[in-house]
Amino acid sequence: MLLNKNKKQLYFLLAAIGGGLLLLLFLFGYGLYRYHWQGPFMRRLANIVPYPAIFVDWEVIYYRDYLADLHTLEKYWATERENKNVFLGIPDKKEIRERLVNKLVEEKLIQIWARSRGLAVLPEELEAEWQRLQTRGEGGREIDFFLDKAYGWSEAKFKKRVLTPFLLEQKVKARLLAENKSDDASLLKRGQEIYQEVKKDAANFAELAKNLSDDRLSARLGGDLGYFSRGTFEPQLEKAIFAMKIGEISEPVKSSYGYHIFKLDDLLYAENNAPSQAAVKHILVKAFDFDDWLEKQKTELPIYRLVL
């Protein structure tokens, strides 16, 4: 009887200790998520306890990685604030967190897609890129200074957190571009269809641009690109635009972005009476765009963030 009683007391004690530890872990977790605790103790705790920060397609981005990167970014921006040559563009803490969450999500999306295609960064590719950076001009000294003063990272950490994701992204971009190359014929066909539609209703070019253009920024302005000088656009675009008459609408013109249908609104002339600036509107039929692809992945795969 006494032995059974002692066992029960031991079980009760262990359960109480376990319950207490779980409660502490819960409270620390609440502090991490709700109040952004990130001192040295919390970073050590996050390295021990696998708190999740974000789920991307049910794959975990751990809080320890989020917290380590957040600490690094805040250190970097603190050094930038001390730089008297930097006046604009210093984000506040909330914006730093938002940028980091977006970066971590995009890296995970790229990893997931790369794994599905058997793409990976090989050690020799990583080392070759590192050597290329080291031997490019003042690259080696700049990287060493940057890592030591701004980030406080080792060479190994820089390779893991910067170079590897960069090289993997380049591989994914190359594969996606190759897979979408055959789309050029359909892009041109759509461009020709839009051109025919615009020709019939040239007076409403701006409204058509709002509804049909793949250039989201200029579409909101009715396709308006404003005035630009020679040397601003790709040569074939510039050649086509400066060969137009005011009010004229161009057939689809190809660029690295896709196909453009331009409307020339105005020309400004230099002293030699040659046109030097043009004001145009355009409708863009966009070719494959990696940023658009990433945004689409964000809508198609489940993403749950626990960090605020």
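Before moving on, here are some points about what is shown:
- Qualifying residue in segment 173-191 (condition: of a type in the set (Gly, Ala, Ser), in contact with an Asp or Glu (Cβ under 9 Å, 6 or more places away or on another chain) and either at negative phi or part of a helix (DSSP H, G or I) (or both)): yes
- In segment 175-211, the residues that are aliphatic (A, V, I, L, M) and farther than 14 Å from residue 287 by Cα: 194, 198, 202, 203, 206, 208, 209
- Residue that is of a type in the set (D, E, K, R), over 20 Å from residue 289 (Cβ atoms) and modelled with pLDDT of 95 or more, where the choices are 263, 199: 263
- The residues in segment 53-67 that are open to solvent by 70 Å² or more (accessible area, probe 1.4 Å), free of Cβ contacts under 8 Å to residues at least 40 places away in the same chain and not charged (D, E, K, R) can be counted, and the count is 1.
- From the list 243, 209, 219, the lone residue that is open to solvent by 20 Å² or more (accessible area, probe 1.4 Å) and either of a type in the set (A, V, I, L, M, F, W, C) or touching a Pro at 6+ places or on another chain (Cβ under 9 Å) (or both) is 243.
- Any hit, segment 48-64, residues being closer than 23 Å to residue 294 by Cβ, in a strand (DSSP E or B) and among the aromatic types (Phe, Trp, Tyr): yes
- Scanning segment 202-241 for residues that are of a type in the set (Lys, Arg), modelled with pLDDT of 90 or more and part of a loop (DSSP other than H, G, I, E, B) yields a single hit, 220.
To keep it simple, each residue is scored yes or no on (1) open to solvent by less than 40 Å² (accessible area, probe 1.4 Å); (2) of a type in the set (Phe, Trp, Tyr); (3) under 18 Å from residue 208 (Cα atoms); (4) without any contact (Cβ under 8 Å) to a residue 60 or more places away in the chain.
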site: 262; (1), (2), (3), (4): yes, yes, yes, yes
site: 266; (1), (2), (3), (4): no, no, no, yes
site: 273; (1), (2), (3), (4): no, no, no, yes
site: 277; (1), (2), (3), (4): no, no, no, yes
site: 281; (1), (2), (3), (4): no, no, yes, no
site: 288; (1), (2), (3), (4): no, yes, no, no
site: 291; (1), (2), (3), (4): no, no, no, yes
site: 295; (1), (2), (3), (4): no, no, no, yes
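- If you go through segment 267-308 and pick out every residue that is of a type in the set (Val, Ile, Thr) and part of a loop (DSSP other than H, G, I, E, B), you end up with 1.
The values are calculated or read from the model by the stated rules, or taken from the named source; none is laboratory data. Owing to the predicted nature of the structure, the values given are computational and were not obtained by experimental measurement. Using ideal geometry, Cβ is built from the backbone for each residue, glycine included, and neighbour counts are taken over all protein chains shown. Calculation scope for accessible area: heavy atoms of the full protein, side chains included, ligands and nucleic acids excluded. Shrake-Rupley method; radii C 1.70, N 1.55, O 1.52, S 1.80 Å.
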